[in-house]
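Worksheet: one structure, shown below.
What follows is calculated from the coordinates using simple rules that are stated; it is not laboratory data. Given the structure is predicted, the values throughout are model-derived calculations rather than measurements. In this analysis, Cβ positions are derived from the backbone assuming ideal geometry, glycine residues included, and neighbour counts consider all displayed protein chains.
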Amino acid sequence: MVTAETAVVLPVLLAVLAGAVAAVVVVGAQLRCVDAAREGARAAARGEPAAVVRELVARAAPDGATTGLDAGETVRVTVTATVEPLGPLPWRIEVSATATGVREPAAGYTP
């Protein structure tokens, strides 16, 4: 009796475990996007060149992430990444984060 019940419940337990692992992977990637966007917005607000901003974002972002930079009086950095939470299974989730900041007066922005 116990063996049959275990055989029925085991696939359900594995599915719950896979879902939990996938959730942790997606949330971790989302947090890395948020951190990368904030880091990029801070650097852009200080007046760093776009290449430096993209380099800082690339260090903090998940692998394969793309960076969008809109610099003006208000800077906006968007980081987007595609995550495969279950490895080889064909399931992809896109996560992104945007951070904005006002350019500092010492950065020398003139409209």
Completion exercise
Here the residues within segment 91-110 that are among the aromatic types (Phe, Trp, Tyr) and either exposed (fewer than 15 other Cβ atoms within 10 Å of the Cβ) or in contact with a strand residue (DSSP E or B) (Cβ under 7 Å, 6 or more places away or on another chain) (or both) are Trp91
Exercise for the section: Find the residue count for segment 1-34, including only residues that are surrounded by 10 or more Cβ atoms within 10 Å (Cβ to Cβ) and not in a helix (DSSP H, G or I). Expected result: 0
Practice task
Please determine, by comparing only the residues of segment 71-90 that are touching a residue at least 40 places away in the same chain (Cβ under 8 Å) and surrounded by 19 or more Cβ atoms within 10 Å (Cβ to Cβ), which one is nearest to Ala18 (Cα to Cα).
Solution key: Pro85
Problem - Only listed residue being closer than 27 Å to Ala106 by Cβ and touching a Lys or Arg at 6+ places or on another chain (Cβ under 7 Å), chosen from Ala45, Ala58 - result: Ala45
Problem - Within segment 46-65, considering residues that are assigned to a helix (DSSP H, G or I) and in contact with a helix residue (DSSP H, G or I) (Cβ under 7 Å, 6 or more places away or on another chain), the one surrounded by the most Cβ atoms within 10 Å (Cβ to Cβ) - result: Val57
Problem - Selection count, segment 77-99, where residues are assigned to a strand (DSSP E or B), over 8 Å from the mean Cα position of the chain (by Cα) and not hydrophobic (A, V, I, L, M, F, W, C) - result: 4
Fill in the blank from the handout: Conditions (1) part of a strand (DSSP E or B); (2) of a type in the set (Gly, Ala, Ser); (3) touching a residue at least 24 places away in the same chain (Cβ under 8 Å) -> Gly68 fails only (3)
